[in-house]
Amino acid sequence: MSKAENFAVLGQNVDRFEGHDKVTGSAAYVADVFLPGMLTGRILRSPLPHARIRNIDTSRAEKLRGVKAVVTAEDTIKKGWGVFFPDQYPLSVGKARYVGEEVAAVAAVDRDTAEEALELIDVDWEELPAVFDAAEAMQPDAPLIHEEKENNIALTIDVVRGDIDAAFKDSDLVIEESFESVPQWHSAIETIGSVADYSANGKYTVYMNTQTLFMARMRLATALGVREADVRVLQTAVGGGFGGKSCDDNNAMVAAILARKARRPVKIINTREEEFLAGSRPRVNMKVWVRMGFKKDGRIRAKHMRIIADNGAYSGKAPAITGVAALRHDTCYKYSDVRSEAYLVYTNKIPTGAFRGFGNPSAEFSVEQMMDIAADELGMDPFEMARLNAAEEGYVSPHGNRVISCELRQCIDRTERMIGWKEKRAARKPNRGLGMGCTVHVSGKRHFGDYDGSSATIKMNEDGKAFILSGEGETGQGHWTAMCQIAAEELGVPFSDVAISEADTDLTTFCLGNYASRLTYVAGNAVKNAATAVKEILHDTAAEMLECDPSDLVSRDGFIFVKGAEQRSISVADVVRGRQFRRGGAPVVASGSFDADSVSQDALRFGNESGAYNFGCQAAEVEVDPDTGHVKVIQYAVASDCGTVIYPIGAEGQVEGSIAQGLGYALIEGMRMEEGRPVNPNFSDYRLASMRDMPDLVHEFADSYEPTGPFGAKGLGELGMDPVAAIISNAIYDAVGVRIRTLPITAEKVLRALQEKKKNGS
Amino acid sequence: MKREMVLTVNGEEHDVEIEPNRLLLEALRDDVGLTGTKEGCSIGVCGACSVIVDGRLVSACLTLAAACEGKKIETIEGLAEDGELHPLQRAFVQYGGFQCGICTPGQIMAAKALLDHNPNPTTDEVKEWMSANLCRCTGYYKILESVMAVVEGKVDEGRRDEAVRQARIQSLYQSDTYKSDTSD
Amino acid sequence: MRAKFEYYAPTSLDEACALLREHEGDAKLLAGGTALVMWLRMGLLSPGYVIDLENVPGLDGITYDPAGGLRIGAGVKHRDLELCPEVREHYPLLRETFYKVAQPRIRLMATVGGNLSHGDPMTDPGASFMALDAEVTLRSSRGERTLSVEEFFVDYYETALEPDEILTAIHVPPPAGRVWSHIKFTPRSEEDFATVGVAVTLAGENSRCDDVRIALNSVGPTIFRARAAEDALRGRDLSPARIEEAGAAAADASDPIEDVRGSSDYKRELTAVFVRRALEQAAARLG
């Protein structure tokens, strides 16, 4: 439950730190970066899903007036990159493995010239057999996409906890179902882009709309064959990330390779079509088979899950995503005996990758429907069943996840009330139905190099204003604002007296960036620690100036007071100046670090993956048109446990945006693919929900406090997205008695299921 | 063949020399140097490039610059006067009507075009109109709230207490989606 | 690659016709631009000349008189038609249809003539014009001719326009007391193209159908009249069984393609559902 803290700045709806820039059009996104002499880069992409390159002739393109550089793999070090498996190249080496893969690139004085030059590049292709379905790709006769990967399998997971056979035997009810999710594209309104420059002294400077700045630098350095320090990455304003801008694509690498060859800055902005073909890496689609055993009182007794995940042609973060899908949800309910098998399989399609939820939406689409099916079979109310199984403080999942704060039951109660569950179930309307589900997510995850931390530096200006140097970067969620609030709270200065830097690998310390709902919790702790250190310096100096003991001092509203004698005070600005402008003077500056109390999972994937876990419950009311299968979402209710709410507008925005994306995933978003080629990759055919499409949404935050979080806060960004599709499916079942097991839940699928049900007379 | 022409943007005349296939979006961003107008989908669906030409809202990505000679073009850069934010801009800041901000210039120009013609739209009229502008971050709730704050004259009142605000958001969405007045 | 072209903005219809004639086959007409500019950008069209009709007088304006009906200049924007008081009063079907096209910004840009000339079977206005028995006027330097909207749509993105012709006006006969209905089924998003679109006008009394016109979009290579469905109703009582029969006949006449909005079978089945619903709605409006 919440600790009654009297906050000065936290929990206030301050004006967003970068708000004025964004409403006036002056925020500089990557497309708004113009450097002297800058060229336009365009990329030649593979038209085939799987093909060997016999030869590339660029001579005609090079001769075109206005062309300054043409590059192929011959201009690269041909060294693979990739966070888990180094199987990707900036430009195709030997063969292309999906439609859209980068094969060659041109830098020219303008776009028309660059595009004309692309048409003058002659590639001699030898088409190879291709495979597009992950289950088919595992078959022994399937064409091999990476010769060294047997059966196209990139990764296998098989985790057993407890005695699964005995647990199923001990179950009163055993159910078994198969589900399938789809790739979902991030569809940020801004596509991926970069501006790269290469200086005579051998240093690359790259402006990127990345959400993981230092990761971007690491991968650029690897692919370019230089040291990290030879690459400077600057984050521009980012027009939407959601995982899609976490640098598993080649855009910036190609720009850097062109810039080096042309010796001029090169800008490459993906077109919308390119963004669908080879830009942001869509959500990993998974076929999920689940078997679950229950006691007749509704308790979960056993779970066995088998996942076949579609990696696409290369491995970005899909290996980690598959692991999350296999294990994460076991932190939501109390489990003892579970088995999770997963196969990540290469196919000749766009590589899949990180998208808000990171594997969890596929898992929750499956397991939250299993819970609903079980409740139905057992004649239980789904809310009762959720309450019975809900994780609580002190729960340790079978995989070692240790739950410190947990208000899942509170969220369940709130959601039940908000959606009007009991009242509506007592007065049912035809073709209307209700569904619910629970969700869990992390606050950061120990993935990379046994580090789940962050760092920040705060320097005080002579005018008393604090400046945070942080390399985490803002992706739109309001992170900068929340960090300024945390620093202001800890320093005891007004919000307006804190500013935060843009992320720049040369000027800020190493930061992991925007993923795993980690910033408020992990970076927030680092910023708070930096502020604590700065406050100590301020108090030491103030104590000298006020002739008192530092431990007698408190900070508030930009002033430092002597406790109990508050007429004895001094402004922060005077303290900073006092420390700087004297013999032996020094700036007021300090760094703070934080590394979460998580551990790297061991070889058996056991280990507490995150410092804190976030929980939630959601419910939906839908109406189904039985003649057409059309599903209309009438109302949606969300309760979220994210600990202390630092920046309410930002937190609400995360919930609202998550639900919008979740509803899109559930009902709307699907790409038709023909032979691995997206059909009509544009916003006319790949629809996003509009304002009119959104349902009435009610949401609340649980009273909650995470002891290890900054002022009690933990993560939130992905939590809301995860269970939406299952909840919609559950509500459809409640409305018309058909269960849809594949995404998206189109009207056509619902109608077909209704017809099937009628035919079977059930 | 490039042609010389004058584009009048936010009351200022700009001499530009452009190819006939130049889009208004490109002319604004690359030739005039006003980058507040954004490119999103390139096919008129998303509204990120919304600008007002002779009083009408248009997609700058589907408008030839050559066709805009002699017309009055309004972009996001022209909204604030002497550094004083337009009420819509203040509302978007106060009510959190954006996150990443890439669609925001288009959202604000769309809302301005609506309010220029109809200063007192109903909630349903606002929803129908603003549905032409996609946003991937917000789920639209706070965009609607921001625009309605201007309609209802609530800008600068600050955000009221949470219960009042939640009740209002719900009332915005509980009203049925706009039904045409000619349908039954 | 984006097309490169010369741009003309003629100031009279004769000048526009002459330019079109001069560059026959190598020129495209620009009106609102929502379709043409997109196609130019995508390189789907690469004309040498683009002729902008915006400054051509006589292509604007909506005029109504009870005897002659409605004349809509080809350059009228969707939004202006939607908001026109005479249209709202006398042609509620048009008002309803145009209100549902895409979204307001596209409706502010796109012209009525441009929409029809594009020949896109997925758009909504053509079906309602057909249900209202509208005609189009086509002009060239060779003269002027008039075609029914039904004759105007020839095939997938193909109209009866000759390369030197300009669609200048749409004429809709007086409403003559017919009732109407319109359904646009967009299960994914309100702003989407129709999965199925149905426009109906109906003359009759007390559930007797004297005459009916049923037009469909998004379910065939062109927008089309479901004539067999009409025949099943004309001169008969609008009983549930007949309406059902008409729906089935319309579905038989449909030839939808499979796309992201659904399989061809699904769209065909829904054609039956929505023709039935549209007829029920129209019948309910009969005096």
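The values are calculated or read from the model by the stated rules, or taken from the named source; none is laboratory data. Fair warning: this is a prediction, and the values are worked out from it, not measured in the lab. Quick reminder, even Gly has a Cβ in these numbers, built from the backbone with ideal geometry, and neighbours come from all protein chains shown.
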Specify which of the listed residues (C:Pro47, C:Pro10) is more than 30 Å from A:Arg42 (Cβ to Cβ) and outside any helix (DSSP H, G or I).
-> C:Pro10
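I want to confirm something. Restricting to region A:389-416 and keeping residues that are in a loop (DSSP other than H, G, I, E, B) and hydrophobic (A, V, I, L, M, F, W, C), which single residue is nearest to A:Ile727 (Cα to Cα)? Let's see the steps before the verdict.
Filtering region A:389-416 for residues in a loop (DSSP other than H, G, I, E, B) gives A:391-395, A:397-401, A:403-407.
Narrowing the set further to residues that are hydrophobic (A, V, I, L, M, F, W, C) leaves A:391, A:403-404, A:406.
Numbers: A:Ala391: 19, A:Val403: 24, A:Ile404: 26, A:Cys406: 21 Å.
So the residue we want is A:Ala391.
Is region A:42-53 home to any residue that is surrounded by fewer than 18 Cβ atoms within 10 Å (Cβ to Cβ) and within 29 Å of B:Leu28 (Cβ to Cβ)?
No, region A:42-53 contains no residue that is surrounded by fewer than 18 Cβ atoms within 10 Å (Cβ to Cβ) and within 29 Å of B:Leu28 (Cβ to Cβ).
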Can you tell me how many residues in region A:646-660 are facing chain B (nearest Cβ under 7 Å), in contact with a strand residue (DSSP E or B) (Cβ under 8 Å, 6 or more places away or on another chain) and of a type in the set (A, V, I, L, M, F, W, C)?
-> 1
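So that you can scan it fast, the table gives a plain yes or no per residue for (1) buried (at least 24 other Cβ atoms within 10 Å of the Cβ); (2) of a type in the set (Gly, Ala, Ser):
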| site | (1), (2) |
| --- | --- |
| C:Ala74 | yes, yes |
| C:Glu89 | no, no |
| C:Pro125 | yes, no |
| C:Glu150 | no, no |
| C:Glu158 | no, no |
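Which of the residues spanning region A:547-559 are of a type outside the set (S, T, N, Q) and more than 40 Å from the chain's Cα centre (by Cα)?
Filtering region A:547-559 for residues of a type outside the set (S, T, N, Q) gives A:547-550, A:552-554, A:556-559.
Result: A:Glu547, A:Cys548, A:Asp549, A:Pro550, A:Asp552, A:Leu553.
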Looking across region C:13-44 at residues that are facing chain B (nearest Cβ under 9 Å) and not in a loop (DSSP other than H, G, I, E, B), the single one that is modelled with the lowest pLDDT is C:Arg41
How many residues are under 33 Å from the mean Cα position of the chain (by Cα), buried (at least 20 other Cβ atoms within 10 Å of the Cβ), more than 11 Å from A:Tyr665 (Cα to Cα) and of a type outside the set (Val, Ile, Thr) when one looks only at region A:734-752?
-> 5
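Residues are listed down the side, and each one gets a yes or a no for (1) at pLDDT below 95; (2) of a type in the set (Lys, Arg); (3) more than 29 Å from A:Ser366 (Cβ to Cβ):
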position	(1), (2), (3)
A:Phe242	no, no, no
A:Met253	no, no, yes
A:Ala259	no, no, yes
A:Pro265	no, no, yes
A:Gly293	no, no, no
A:Arg301	no, yes, no
Just one of (1) touching a strand residue (DSSP E or B) at 6+ places or on another chain (Cβ under 9 Å); (2) away from chain B (no Cβ under 14 Å); (3) part of a loop (DSSP other than H, G, I, E, B) trips up C:Arg71, so point out which.
-> (3)
With respect to A:Ala200, is the statement that it is closer than 24 Å to A:Thr40 by Cβ, assigned by TED's automatic domain parsing to the domain that holds A:Gln88 and touching a helix residue (DSSP H, G or I) at 6+ places or on another chain (Cβ under 6 Å) true?
-> no
Among the numbered conditions (1) within 22 Å of the chain's Cα centre (by Cα); (2) within 14 Å of chain A (Cβ to nearest Cβ); (3) over 25 Å from C:Ser189 (Cβ atoms), tell me where C:Ala282 comes up short.
-> (2)
For region C:238-253, does any single residue satisfy the condition of being touching a Leu at 6+ places or on another chain (Cβ under 9 Å) and β-branched (Val, Ile, Thr)?
-> yes
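Conditions (1) more than 14 Å from chain B (Cβ to nearest Cβ); (2) of a type in the set (Phe, Trp, Tyr); (3) over 30 Å from B:Asp54 (Cβ atoms), marked per residue:
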position	(1), (2), (3)
C:Tyr99	no, yes, no
C:Gln103	no, no, no
C:Gly114	no, no, no
C:Thr137	yes, no, no
C:Phe152	yes, yes, yes
C:Leu161	yes, no, no
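If a residue has to be polar (S, T, N, Q) and within 14 Å of another protein chain (Cβ to nearest Cβ) to count, how many in region A:705-758 make the cut?
Qualifying residue count for the region: 2.
Would region A:593-606 turn up any residue that is out of contact with any Cys (no Cβ under 7 Å at 6 or more places or on another chain), surrounded by 21 or more Cβ atoms within 10 Å (Cβ to Cβ) and over 30 Å from A:Arg402 (Cα atoms)?
No: region A:593-606 contains no residue that is out of contact with any Cys (no Cβ under 7 Å at 6 or more places or on another chain), surrounded by 21 or more Cβ atoms within 10 Å (Cβ to Cβ) and over 30 Å from A:Arg402 (Cα atoms).
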Within the bounds of region A:650-662, is there any residue that is at pLDDT 95 or above and of a type in the set (Val, Ile, Thr)?
-> yes
Filter pass, C:Arg178 being over 16 Å from C:Ala283 (Cα atoms) and away from every other protein chain (no Cβ under 14 Å) | no
Given the conditions (1) buried (at least 19 other Cβ atoms within 10 Å of the Cβ); (2) of a type outside the set (A, V, I, L, M, F, W, C); (3) over 30 Å from A:Asn270 (Cα atoms), report the number of the one that A:Glu756 does not fulfil.
-> (1)
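Among C:Gly247, C:Gly262, C:Gly197, which is the only one that is of a type in the set (Gly, Ala, Ser), farther than 24 Å from C:Leu94 by Cα and within 14 Å of chain A (Cβ to nearest Cβ)?
On the way: C:Gly247 fails: farther than 24 Å from C:Leu94 by Cα; C:Gly197 fails: farther than 24 Å from C:Leu94 by Cα.
Selected residue: C:Gly262, the only one of C:Gly247, C:Gly262, C:Gly197 that is of a type in the set (Gly, Ala, Ser), farther than 24 Å from C:Leu94 by Cα and within 14 Å of chain A (Cβ to nearest Cβ).
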Inside region A:420-447, can you point out the residues that are buried (at least 19 other Cβ atoms within 10 Å of the Cβ), farther than 24 Å from A:Ser517 by Cβ and not small (Gly, Ala, Ser)?
-> A:Trp421, A:Leu434
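Scan the strands (runs of 3 or more DSSP E) fully inside region A:109-218 and keep the ones with 2 or more residues being closer than 30 Å to B:Glu26 by Cα and touching a residue at least 60 places away in the same chain (Cβ under 8 Å). Break it down stepwise before answering.
Working: elements: A:122-127, A:153-161, A:173-180, A:193-198, A:204-208.
Because the criterion is at least 2 residues that are closer than 30 Å to B:Glu26 by Cα and touching a residue at least 60 places away in the same chain (Cβ under 8 Å), the strands (runs of 3 or more DSSP E) in region A:109-218 that meet it are A:193-198, A:204-208.
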In region B:27-41, what residues are surrounded by 19 or more Cβ atoms within 10 Å (Cβ to Cβ) and more than 16 Å from the chain's Cα centre (by Cα)?
-> B:Ala27, B:Arg29, B:Val32
